[in-house]
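The values are calculated or read from the model by the stated rules, or taken from the named source; none is laboratory data. As the structure is a prediction and not an experimental result, all values here were calculated from the model. So basically every Cβ, Gly included, is an ideal-geometry build from the backbone, and we count neighbours across all protein chains shown.
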């Protein structure tokens with residue numbers, strides 16, 4: 001019985017390590033979002049860290065820039081969130097021990 005418990009604890013540690021490795025890898029995945037037909041562009045990592053903001057010189061209306069920036073950021077962050085959730089769920093499922101009746105990731 002304790003052999004099984006030791007094995008499960010090892011698998012849980014493996015799962016935790018895979019999740020941490022996945023989080024580190026997500027910092028290298030860049031996602032772009034844009035608004036105003038590309039006049040405002042943002043780049044974020046899959047861990048939702050803003051890396052770049054580009055605003056076209058043809059925009060001069062302060063309120064328009066703010067609105068487009070919000071749209072572009074939300075667009076990029078939504079994409080980043082989807083990638084992050086998918087990758088972390090896969091890493092967690094991959095490393096979880098097979099416990100009968102405990103299918104947490106369907």
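Conditions first: (1) under 15 Å from the mean Cα position of the chain (by Cα); (2) exposed (fewer than 15 other Cβ atoms within 10 Å of the Cβ). Residue 26 passes all but one, so which condition is the exception?
(2)
Looking at this structure, is residue 79 surrounded by 13 or more Cβ atoms within 10 Å (Cβ to Cβ), under 30 Å from residue 23 (Cα atoms) and out of contact with any strand residue (DSSP E or B) (no Cβ under 6 Å at 6 or more places or on another chain)?
no
If you take the residues in segment 1-34 that are in contact (Cβ under 8 Å) with a residue 24 or more places away in the chain and in contact with a strand residue (DSSP E or B) (Cβ under 8 Å, 6 or more places away or on another chain), which one is farthest from residue 92 (Cα to Cα)?
34
Among the numbered criteria (1) in contact (Cβ under 8 Å) with a residue 40 or more places away in the chain; (2) closer than 18 Å to residue 70 by Cα; (3) over 15 Å from the mean Cα position of the chain (by Cα), which single criterion is violated by residue 46?
The single condition residue 46 does not satisfy is (3).
Which of (1) farther than 30 Å from residue 4 by Cβ; (2) modelled with pLDDT under 95; (3) surrounded by 13 or more Cβ atoms within 10 Å (Cβ to Cβ) is the odd one out, the single condition residue 86 does not satisfy?
(3)
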